[in-house]
Every structure is written in C-alpha cells, then in structure tokens.
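Participant: Quick one: the structure is below, and I'll ask about it shortly.
The values are calculated or read from the model by the stated rules, or taken from the named source; none is laboratory data. Nothing here was measured: the structure is a model prediction, and the numbers come from that model. Neighbour counts are summed over all protein chains in view; Cβ atoms, including those assigned to glycine, are modelled from backbone coordinates with ideal geometry.
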Amino acid sequence: MNGSRLASRYARALFLLVKERNQVEKVKKDLSKLTRLLADSPEFKWILESPVIMSSEKARMVKSALSGVVEPITLEFLLLLIHHRREVNLSSICRMFTELYKADQGILDATVESAIPVNLKFLDGLKKRLEESSHRKIDMKTETNEALIGGFILTLEDQQLDASVQSKLKRIRQELRETKK
C-alpha cells in the first residue's frame with residue numbers, strides 16, 4: 001500500500017474515533033504539537049524513523065516523553081503506529097487529519113502571496129470579506145515573494161486572483177507585442 005493511502009486510512013480512522021468521543025479539537029492540537037516536534041527536533045524524528053531502534057524501545061521512549069503532554073488517545077494512537085511499524089507516516093497522517101478536520105468544519109484554505117509582508121489590518125479585512133462571501137471559515141496564510149514587485153496573489157482553494165504588479169507588467173508586455181504585429 002502506498003504511503004498516502006495508508007496515511008489517509010489511519011487519519012480517517014483516528015478522525016472518526018475522536019469525533020465519536022468528542023475529542024477532535026484536543027487531538028487536532030496534539031497532532032499540531034507532534035508536527036512541530038517532528039519539524040523542530042531532528043532527534044525525535046530520527047528516533048521515530050530509525051529502522052535500527054526496536055519498536056518496543058521506540059514505544060518506551062515515546063511514552064516517557066509524551067505522557068501528560070498529549071491526550072491519552074493521541075498517545076495510544078502513536079503507540080499503535082509504532083506497534084504496526086507505521087510511525088514513519090506520522091507527518092502524512094497529521095496532514096491528512098488536518099484536511100479531514102477542515103473539511104468537517106467547513107474551513108477553506110487561503111494564501112496571500114505578496115512582495116512584502118502584508119498589513120494585518122488588510123489581512124483581517126480580506127479574511128472577513130472572504131468568510132462573508134463564502135459563508136465558511138477561512139484559514140489564512142501569508143507568503144512573501146519579491147518577484148511580484150507589488151500587489152498580491154490570493155489563492156482560495158483552487159481559485160486564484162492575481163493582482164500583482166508582475167502579472168500586470170506581463171499583460172502590458174503581451175499587449176505591446178500584439179500591437180507591433
């Protein structure tokens with residue numbers, strides 16, 4: 001079974017279980033902690049993904065490190081992954097769980113890409129307008145890309161609004177080429 005199908009199945013099983021037990025928010029926070037831990041601690045990632053460390057030793061270390069830090073159901077899930085030798089898929093499982101959570105809550109992903117960091121007041125206003133027009137919650141992220149020169153590109157799920165200076169210059173250049181012919 002490929003990694004993404006496996007991650008999807010584990011994430012879906014966990015999501016359905018915690019939804020049934022009304023612990024979705026708590027487990028989502030735990031999985032965010034684990035995602036940050038995997039990104040920020042090369043040692044933790046190495047321990048989890050190392051093929052030379054026995055599963056029983058991994059389970060003991062994880063239990064020792066995470067008891068009281070994450071919910072018992074999250075810890076048991078992680079131990080289950082270790083027992084079935086699926087711990088290398090943890091980051092994919094966390095990502096899939098987040099996607100399931102967002103779909104369940106009606107949350108849309110939006111990204112604002114700009115040449116310089118965007119003003120918070122502008123972002124808040126944009127987010128509010130998007131939420132009003134879509135009747136859904138918006139998870140807004142920002143990125144900087146100096147190549148845009150100015151303006152911004154708004155991506156909402158699979159739709160894109162390009163209000164960058166770079167794209168305007170490209171259009172002008174194209175129009176000038178067409179008028180020369």
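Participant: Based on this model, can you work out whether K102 counts as of a type in the set (D, E, K, R), without any contact (Cβ under 8 Å) to a residue 24 or more places away in the chain, under 26 Å from E25 (Cβ atoms) and surrounded by 14 or more Cβ atoms within 10 Å (Cβ to Cβ)?
Facilitator: In short, no.
Participant: So, in region 108-155, of the ones that are assigned to a strand (DSSP E or B) and small (G, A, S), which residue ends up surrounded by the fewest Cβ atoms within 10 Å (Cβ to Cβ)?
Facilitator: Within region 108-155, the match that is surrounded by the fewest Cβ atoms within 10 Å (Cβ to Cβ) is G151.
Participant: Can you find even one residue in region 135-152 that is touching a residue at least 60 places away in the same chain (Cβ under 8 Å), more than 30 Å from K58 (Cα to Cα) and within 21 Å of the chain's Cα centre (by Cα)?
Facilitator: no
Participant: Given the condition at negative phi, surrounded by fewer than 16 Cβ atoms within 10 Å (Cβ to Cβ), in contact (Cβ under 8 Å) with a residue 12 or more places away in the chain and not in a helix (DSSP H, G or I), answer yes or no: does some residue in region 163-170 qualify?
Facilitator: yes
Participant: Here's a follow-up. So how many residues does region 1-34 have that are surrounded by fewer than 17 Cβ atoms within 10 Å (Cβ to Cβ) and among the hydroxyl-bearing types (S, T, Y)?
Facilitator: Number satisfying all stated conditions: 2.
Participant: Take region 38-58 and flag every residue that is surrounded by fewer than 18 Cβ atoms within 10 Å (Cβ to Cβ) and either of a type in the set (A, V, I, L, M) or not assigned by TED's automatic domain parsing to the domain that holds A7 (or both).
Facilitator: Within region 38-58, L38, A39, I47, V52, I53, M54 meet the criteria.
Participant: How about region 27-84: which of its residues are touching a residue at least 24 places away in the same chain (Cβ under 8 Å) and not in a helix (DSSP H, G or I)?
Facilitator: Matches in region 27-84: V69, V70, E71.
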